[in-house]
1. Check each of the GluC sites (Glu not before Pro) in segment 29-63 and keep only those in coil by DSSP with at most 11 other C-beta atoms within 10 angstrom; list them in order.
2. In straight Cα distance, which lysines are under 24 Å from Lys71, not counting same-chain residues fewer than 8 positions off?
3. State to the nearest 20 debye the size of the charge dipole of the chain about its Cα centre, where the only charges are +1 on K and R beta carbons and -1 on D and E beta carbons.
4. Starting from the 7 Å offset along Cα-to-Cβ, what nm value, one decimal, do you get for the label separation of Glu46 and Ile16?
5. Looking at segment 12-70 from every direction and averaging, what is the projected area of its Cα convex hull in nm²?
6. Give me, ordered by chain and number, the residues 5 or more places off His37 or on other chains with an amide H under 5 Å from its own placed amide H.
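Values in this text are rule-based calculations from the coordinates and carry no lab data. Computed from a predicted model, the values in this text were never measured in an experiment. Glycine also receives a Cβ, built like all others from the backbone with ideal geometry; neighbour counts cover every protein chain displayed.
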Amino acid sequence: MNDDTNDLEIGDDLEITKTTRRASGGGTWVCGRLNGHRFDALVFPEHADKREWELGDSRISKLFIQRLADKWTVFN
């Protein structure tokens, strides 16, 4: 029996399940699954005016990550 999940590269199993544009303030909520986790991210097309408003150099303003196996919040 071949376990295909062992052959995956990081990101190969990325699944975007929902995108929702915000009515005010710009940005898009992106929901999905990756590597046994689910995530919700508020993503903007441009970098924030202030660096502390985003995670690193990512254009992500808010991020929630939960491990699916036990519902543990990994990042919030």
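1. The qualifying sites are Glu46.
2. Within the straight-line cut-off, Lys71 pairs with Lys18, Lys62.
3. 620 debye
4. The modelled label-to-label distance comes out at 2.1 nm.
5. 4.7 nm²
6. Leu68
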